[in-house]
Amino acid sequence: MDQQKEQGTPVGAPGQQIQVKIPDDVLKGVYANMVQVGHTPEEFVLDFMNVIGVAGIVTARVMLSPGHTKRMVAAMQDNLKKYEEQFGTIKGAAGQTVPTTTSSSDHKFGFDTASAK
């Protein structure tokens, strides 16, 4: 009976455990101090970069569906709120408070939005 119930549970349903394997080369992670975001009607593309001075390199590219991007943004906002409740407000360059959201024309703090066409 429980097995039938589990088979009818949609993937990613609340409370469902998913077994995930992480290859060693992914497990170590990569560092990024800037991200550029582009989108088409079908996907969002996040290019994570390590930039020093005027040079840099893309360390990871992640492509997401629009729906998953929206869920990821909500999860990030929730985690940022919890982080700041525990550790205090995040400060940017020169002690400025990092805004929670930015307009598409505001490219401060290493976040850039560019529409891929």
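Note on Asp24, Asp47, Asp78: ascending count of other Cβ atoms within 10 Å places them as Asp24, Asp78, Asp47, the fewest first. By the count of other C-beta atoms within 10 Å, a proxy for reagent exposure, His39, His68 are ordered fewest to most as His68, His39. Each residue in Val26, Val37, Val20, Val51 was given a count of other beta-carbon atoms within 10 angstrom of its own, and listing them fewest first yields Val20, Val26, Val51, Val37.
None of the figures in this text is laboratory data; all of them are computed from the coordinates on show. Quick caveat: nothing in here was measured; it's all calculated off a predicted structure. Note: ideal-geometry Cβ built from the backbone for every residue, glycine included; neighbour counts use all protein chains shown.
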